[in-house]
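Below is one structure, written out as structure tokens; comments come after it.
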Amino acid sequence: MFAVADTDKLVDDGVIAPEAAREIEARSRQAMVTLGINTVLCLGILSATGGLILWLQDPLAVAVVGLMLLAGGFAILSRGSGELRMFGNAAALIGAGMLCGGGTVELVSNHPQIAGQMLSVLGGLILAGAMFAFVRDLARAPFVTGAVALMGLAMHVGGLGYLIADNGVSGLLVSLFYFYTAGLLVAGGWLLDVRLITALAIVPFAQMLDTGTFYFHAAYVFYSPESTLSILQMAVLLAACLWVVGRYGERTARHARILAMLGFVVANLCALVGSLWGDVVGETIWGPAEPQVWTEGAWDAYSKAREAFRDTALVISEGVYSVLWAAALVALLFWSAHRGNRGLFNASLVFGVIHAYTQMFESFGEEPLAYVIGGLALIPIAWGMWRFDRWIKAQASAASGVQHPDG
């Protein structure tokens, strides 16, 4: 697993040689430099592509310039030296982006009646062709073919979303669309070995149950209409990702870890919503639908139907949510510390602070005795965690026949 360590201290303790420490530091620095260069390059490509499309504004001009840049980029990649490959990649991607982006704008703006069908089909063909070229390394330009595959993925998914919105589709089909999109992003991220793409899969996956965000003036809001079901959904994702981490190699495991981490974050945000508002489980899925037109009679009928549903549904109050969330965070804090999972440990600690800060204002602002009881309760919990950790170390030492220094 990846670990954070002080190389100087490891050298002083005799754990590793000074040469090994310098090699670790050099590789770490090079990884950060490469990430920074690629980030700047990608931002430049995206900015130039969008700017050229908006500046030219003519479909034919965009297509001609895009083809010229694409051809020029591949010419540089096929014949240029290693020092020029970055320029070849940039030119080819700007050209491909102009063709895909310009075509998308033209279809949506001037041919809306066929935009959804064309985008979904063309995007699927581009995605399949570019992925095939990437896997077989046909173009000898994996950076370009991988990026073009992502452009095709965006067109394909965007076309399907356009069809869904244009035809007023709702319910299960929308959830399946989000699940399909998440699956494509995970598969694409894994094939290209780009964890950022894998991480983006959490957005459509969460939207299967309408969990998401929206922005209005000076406020960015997270909402989860089905917090309990969303937490269970993320728990299944987390369990599946941890299973993958333990079963497959590091190349696959690092994608599973980033997805598990984001699923854990979303689950905690849903728990925050539940701790503030409580939850009527399944109300937005199986409960009464809101009327299309709000009238006094429609409101009365809807209110009666909603009350009838709540009488038979599982209702979790905000108080119960707060206690369960706190207990889960304490357990996860200990488990992640014992397993050396720094990501889950840090996230558990952060959300524990958020939970305490929120409840301080929501529930216990004028109840000082609550702080006394809560604080005293944490002391034996910490002692129990310490004793349990010592017991685990003793069991491991007994099994290996080596005395642990803390045992």
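Values in this text are rule-based calculations from the coordinates and carry no lab data. On a predicted model such as this, the values are computed, not experimentally measured, just so you know. Methodologically, a virtual Cβ is constructed for each residue, glycine included, from the backbone with ideal geometry; neighbour enumeration extends over all protein chains shown.
Rank these for me by crowding, HIS355, HIS217, going from fewest to most other beta carbons within 10 Å.
Details: HIS355 18, HIS217 4.
The fewest-first ordering by Cβ neighbours comes to HIS217, HIS355.
Give the label of the value calculated from the structure for Rg and Dmax of the Cα atoms in Å, choosing from (1) 26.6, 79; (2) 30.9, 97; (3) 21.3, 64.
Given (1) 26.6, 79; (2) 30.9, 97; (3) 21.3, 64, the calculated one carries the label (1).
Sort the following peptides by mean Cβ neighbour count (other Cβ atoms within 10 Å, averaged over residues), highest first: 338-350, 91-103, 191-203, 223-235. Could you put the intermediate results ahead of the total?
On the way: 338-350: 16.3, 91-103: 23.6, 191-203: 18.4, 223-235: 20.6.
Final packing ranking: 91-103, 223-235, 191-203, 338-350.
Which of PRO204, PRO288, PRO142 ends up with the largest GNM mean-square fluctuation for the chain, with Cα atoms connected below 10 Å?
Greatest mean-square fluctuation among the candidates belongs to PRO288.
Of CYS42, CYS270, CYS241, how do they rank once you tally other Cβ atoms within 10 Å and put the fewest first? Don't skip to the end; give the middle numbers.
Numbers: CYS42 14, CYS270 29, CYS241 21.
Sorted ascending by nearby Cβ count, the order is CYS42, CYS241, CYS270.
What's the exposure ranking of ASP311, ASP210, going from fewest to most Cβ atoms within 10 Å? Spell out each step's value before the answer.
Details: ASP311 8, ASP210 16.
So the ranking, lowest neighbour count to highest, is ASP311, ASP210.
When a/c is below 1.5 the answer is rounded, else prolate if a/b is larger than b/c, else oblate, so apply that to the stretch 33-106 with a ≥ b ≥ c taken from the square roots of the Cα gyration tensor eigenvalues. Mind showing how you got there, number by number?
Numbers: a/c = 3.16, a/b = 1.47, b/c = 2.15.
Taking the square roots of the gyration eigenvalues as a ≥ b ≥ c, the stretch 33-106 is oblate.
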